[in-house]
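The values are calculated or read from the model by the stated rules, or taken from the named source; none is laboratory data. Just so it is clear, the model here is predicted, and its values are computed rather than measured. Cβ atoms come from the backbone with ideal geometry, glycine included; neighbour counts cover every protein chain shown.
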Amino acid sequence: MRLIDLYQTLRAHFGPLHGPDAHSPWWPLFGADAHFEIIVGAVLVQQTRWETVEAAVRRLLDASRLAPPAMAAAAPEELAALIRPAAFHTQKAAGLIAIARHICARHGGDTAAMLTMPTPELRAELLGLPRIGPETCDVIMLYAGGHPVFVVDEYTRRLFDRLGSQASGAGSRGPEQMSFWRKSSYEAVRLVIEADLTTPTPESRLLTSIYADFHAQINEACVRYCLSRPRCDGPPARRVYSAQAGRESYLASDEGCPLRGVCAWYQQGDKLTG
Ligand code: SF4
């Protein structure tokens, strides 16, 4: 199965999750300063559940801190209290203040202007900021900046690893290579996925749209079904998202993971229903 077919299977099941067709906003949640909100959310979500991120972003918005100048002027203790209980809230508060100050000093506080930089230059600049590694960097570039880069996260590795050769991308990797998704570097995995999704080459705008929604679909599959103890035959895990209530709408009639028919792990009989 090509990755584009895998994407279409997920999208047929969950519906569009990100983009103009989505029934509720996947990201940004609130949109007052959409570009900066995504940067803040991308930092907060590190080792943190999305529900906690939603609540923290809401508190930052209510405290009028969700904009680069306002966050740059915040005291670290105040910011840490606002984003708690996000993991590493003290370090994240310091990092967010440094990022906000960078945007103010280098881009006049205009996050959108920073994001219009060419992809290689933007990636280099973002990776030079605190709390921003390759995954967070690509999240920001894709969702805030609209750059065509695929985000590789733990969910991507877990799902593709379990799907095995059925989701092997452009190459036909045999069973002995199934740990590719787990053991390869971030860049290696990203490039394999992008190579598969860009054959044949779609226009850049469409590619960005596919990358953004596909990543959302993978996340949805992994929080509903493909958990560390998979719920292959259902029922899907229920999570409550305060700003994304529409994401729950499909659950009423849903029973099992839509990928069972193409999942090597499931077909090998290793499943553990939750
Ligand atoms: S069938 Fe099970 S193991 Fe395979 S992707 Fe779905 S939840 Fe994960």
Of the residues in region 210-249 that are within 9 Å of the ligand (Cβ to nearest atom) and either closer than 24 Å to Ala56 by Cβ or not in a loop (DSSP other than H, G, I, E, B) (or both), the one that is modelled with the lowest pLDDT is Arg224
Counting only residues in region 34-66 that are among the charged types (D, E, K, R) and over 20 Å from Asp153 (Cα atoms), the one surrounded by the most Cβ atoms within 10 Å (Cβ to Cβ) is identified as Arg65
Contact list, first residue from region 62-87 and in the same structural domain as His107 (by TED's automatic domain parsing), second anywhere and of a type in the set (Lys, Arg), beta-carbon distance below 7 Å, six or more apart or interchain, is Met71/Arg65; Ala72/Arg101; Ala74/Arg65; Leu79/Arg65; Leu82/Arg59; Leu82/Arg65; Ile83/Lys92; Ala86/Lys92
Log entry, pairs with first residue in region 212-235 being without any contact (Cβ under 8 Å) to a residue 60 or more places away in the chain, second being of a type in the set (Gly, Ala, Ser) and within 10 Å of the ligand (Cβ to nearest atom), beta carbons closer than 7 Å, six or more apart or on different chains, reads Leu227/Gly274; Arg229/Gly274; Arg231/Gly274; Cys232/Gly256; Asp233/Gly256; Gly234/Gly256
Scanning region 54-97 residue by residue, those within 22 Å of the chain's Cα centre (by Cα) and in a loop (DSSP other than H, G, I, E, B) turn out to be Leu66, Ala67, Arg84, Pro85, Ala86, Ala87, Phe88
